[in-house]
Amino acid sequence: MLKISHLCIDFVKNFSYNTPESVFTGVNIMKNMEIIKSYVPIADFIAKVNGEKCEVILHDLLDIEHSIIYIVNSHISGRQVGGSITKYALDLVMKHDDAKQDHYVNYIGKNEKSGKLMRSSTLFIRNELKETIGLLCVNIDITDVVKLRDELNSLIRFNLEIYDDKPSEPERFDLSIDEIVTEIVDSVLLDSNVNIMNSTQTERKDLVYKMHNRGVFKFKGAVNHVSSRLDVSPQTLYRYIKEFDSK
């Protein structure tokens, strides 16, 4: 729902902009109001781009107690036209360095009563004298997204603790048994840096021992695969495996 208020010049007695040299005349106030109201199409655009989860508010700082002059999707925060500026926004305005900062983006906004969590951003609206006269505020309701993130994290459940025996590679679910055997054998050969063609019997036995410790021989057909790769007879492999198992 879109709402807009009409400000009165009488508001000038309640608040003054942050530039001491300002001369508040009816003409100046009307100019400032026109500048702020020129942001209404921008507010509509932002709300339409982001959908009903996005609230956009225009504040006129002439009267901070009733600073909200325009609001789109007011159901997000429950605020209405005529409502006041928030303490957080007021703190931003009152900072002495606000003239150096055009905006603050992606800070957390909360509604304790409704339990809603928002990703909020504020743009300073300034006049020709560089006075901060208004605010364009965007509040995106991320309550459901945060809940979804937490649910996904509970399903994913990555164990981030460090263990000495933790696998160095992510678990894969797309390998066949033959591919698993091949990967283990390839890994052992690569780590050992042994040239099979010129290797000794002791070196080949050591390779078989390392493959045995990696569990490769628990797979049916692994003996034939290793026999072919190491140029060692199956009978010799079975003898080695029996010896390793007996230790």
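The values are calculated or read from the model by the stated rules, or taken from the named source; none is laboratory data. Here the structure is a predicted model, which is why all the values come from computation and not from measurement. Here the Cβ positions follow ideal geometry from the backbone for every residue, glycine too, while neighbour counts run over all protein chains shown.
For the range 74-92, which positions are under 24 Å from the mean Cα position of the chain (by Cα) and farther than 18 Å from Ile125 by Cα?
Residues satisfying the conditions are Ile76, Ser77.
Consider Gln201 against the criteria (1) modelled with pLDDT under 90; (2) loosely packed, with under 15 Cβ neighbours inside 10 Å; (3) farther than 17 Å from His225 by Cα: it satisfies all of them except one. Which criterion is unmet?
It fails just one condition, (1).
So which of Lys113, Lys100, Lys95, Lys130 is more than 16 Å from Ile36 (Cβ to Cβ), surrounded by fewer than 20 Cβ atoms within 10 Å (Cβ to Cβ) and more than 28 Å from the chain's Cα centre (by Cα)?
Lys95
Checking Asp191 against (1) at pLDDT 90 or above; (2) under 48 Å from the mean Cα position of the chain (by Cα), which test does it fail?
For Asp191, the exception is condition (1).
Which of (1) under 47 Å from the mean Cα position of the chain (by Cα); (2) modelled with pLDDT of 90 or more; (3) farther than 30 Å from Ile156 by Cβ is the odd one out, the single condition Thr182 does not satisfy?
That leaves (3) as the condition not met.
Can you pull out the residues in the range 34-65 that are within 24 Å of the chain's Cα centre (by Cα) and among the β-branched types (Val, Ile, Thr)?
Ile46, Val49, Val56
In the list Ile69, Ile57, Ile142, which residue meets the criterion of being crowded, with 17+ Cβ neighbours inside 10 Å, closer than 20 Å to Lys31 by Cβ and at pLDDT 90 or above?
Ile69
State the number of residues belonging to the range 225-238 that are assigned to a helix (DSSP H, G or I) and surrounded by fewer than 12 Cβ atoms within 10 Å (Cβ to Cβ).
Going through the range 225-238 one residue at a time, the tally reaches 2.
Looking at (1) within 30 Å of Asp150 (Cα to Cα); (2) surrounded by 18 or more Cβ atoms within 10 Å (Cβ to Cβ); (3) in contact (Cβ under 8 Å) with a residue 12 or more places away in the chain, which is the only condition Gly78 fails?
Unmet condition: (2).
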